[in-house]
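*Asks:* The structure is given below, and queries will be raised subsequently.
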Amino acid sequence: MTTARSQLICPDVTPYYHCVSRCVRRSFLCGYDSYSGQSYEHRREWVESRILALSSIYCIRICAYAVMSNHYHLVAFIDKQTALSLSQREVVERWCTEHKMPLLIQRFLSGSLTSKVEREACEKIIETWRQRLYSLSWLMKEINYEIALLANQEDQCTGRFWEGRFKSQALLDDKALLAAMAYVDLNPVRAGIAETPEQSEHTSLKKRLTALERGQTQTPELADFTGDILQEKRHTIPFRLIDYLELVDWVGRQIRTDTHGYISPQLPNILTRLSLSQQACLALCSGLEKKPGLWIGSSERLNFAKHYLKRKRMLGIHIS
């Protein structure tokens, strides 16, 4: 029986999630279709642009993403605290960037409401929008809806383009987050689409490296690297970007045995600080989806999530 999404995504347990959405049709989302002889490479830009556009509206920060031939990956940070701190006007401005503003809300903004009933109705609508702004399900829905419309129009057909549900994995600690991000950014390398991580187009890693080449220390559309693993209140990615790049390069060379280059025996700094072994790191970063696990983390974090959600058992991947 399918598990309710509310039992899979809980920002109070962890704000970090790995999501995968796949096409339902035989036709490709992107790439070259050898059956029809048609190239759909341009659709990668559709998906990437849509992800980055919505990241500036929703209170969900994108830690990593990769657009593949028939699916895409996201590692997302649900910023519930920011969503709850938005003023009513800020909520309206964000939500109505992508949606038509009801007349009642227009009157609310202009201060022309005439009754308590109207004001209460507006407040109810705005609070619904606020909850949607930190809803991972709504973000995925809005990404997929736009792409499905464009793809169906281009293919001159109708019907479902995406699978009914996207896959989500809860990342319960820093090790799980690190592994999921590296797994996503290295997808094109594993698939043989790119020789090296820095050549992987339509990934968050490529986006960050392009920003660095332009002299930008941060990428506005993506979650920031804080560089402080020990901070209590985490609002983004608790690693240094330089350490993450070193890790991705190391793991990428392990996965592609035909890649030229010297592999240093010294562990990346971030792995040493997290006490994550080479073997455990490589296993996670190369096979995150091979094991059936909806929750990923240490035994302590898995037990915490199980008790918080009042579950008798959980389908999890244990990280030692």
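*Asks:* Using a basic spin-label model with each label point 7 Å from the Cα along Cα→Cβ, how many nm lie between Lys167 and Leu109?
*Replies:* Those two pseudo-labels are separated by 4.1 nm.
*Asks:* Quick one: if you stick a label point 7 Å off each Cα along the C-beta vector at Thr226 and Lys310, how many nm between them?
*Replies:* 3.1
*Asks:* For segment 70-151, state which GluC sites (Glu not before Pro) are in a DSSP loop and have at most 14 other beta carbons lying within 10 Å of their beta carbon.
*Replies:* Glu98
*Asks:* Arrange Thr158, Thr196 by Cβ neighbour counts within 10 Å, fewest through most, would you?
*Replies:* Thr158, Thr196
*Asks:* Roughly how many nanometres apart are two label points built 7 Å out from the Cα toward the Cβ at Cys96 and Ala4?
*Replies:* A separation of 3.3 nm, rounded to one decimal place.
*Asks:* Give the order of Tyr40, Tyr308, Tyr17 when sorted by the count of other beta carbons within 10 angstrom, beginning with the fewest.
*Replies:* Tyr308, Tyr40, Tyr17
*Asks:* Assuming R0 = 45 Å, can you tell me the calculated FRET efficiency for the pair Thr128 and Glu198, based on Cβ-Cβ distance, to the nearest 0.05?
*Replies:* 0.60
*Asks:* Between Ser49 and Ala121, what FRET efficiency follows from the Cβ-Cβ distance if R0 is 41 Å, with the result rounded to 0.05?
*Replies:* With a Förster radius of 41 Å, E is 0.70.
*Asks:* Could you calculate, for segment 83-133, the ratio of the Cα radius of gyration to the Kirkwood radius, expressed as Rg to Rh?
*Replies:* Rounded to two decimals, Rg over Rh is 0.94.
*Asks:* Taking the Cα centre of segment 83-133 as the origin, how large is its charge dipole in debye, to the nearest 20, when only Lys and Arg (+1) and Asp and Glu (-1) carry charge on their Cβ atoms?
*Replies:* My answer is approximately 60 debye.
*Asks:* With respect to the cross-link table entries Lys80/Lys175; Lys100/Lys141; Lys175/Lys207, which display a Cα-Cα separation exceeding 19 Å?
*Replies:* Over 19 Å apart, Cα to Cα: Lys80/Lys175; Lys175/Lys207.
*Asks:* Right, next: Given H placed 1.01 Å from N in the peptide plane, which residues other than close sequence neighbours of Tyr72 have an amide H under 5 Å from its amide H?
*Replies:* Excluding prolines and chain starts, which carry no amide H, the hits are Ser21.
Each reported figure results from applying straightforward, stated rules to the coordinates on display, with no laboratory input. The shown structure was predicted, so the numbers you read here are calculated from the model rather than taken from an experiment. Every residue, glycine as well, gets a Cβ built from its backbone with ideal geometry; the counts of neighbours run over all protein chains shown.
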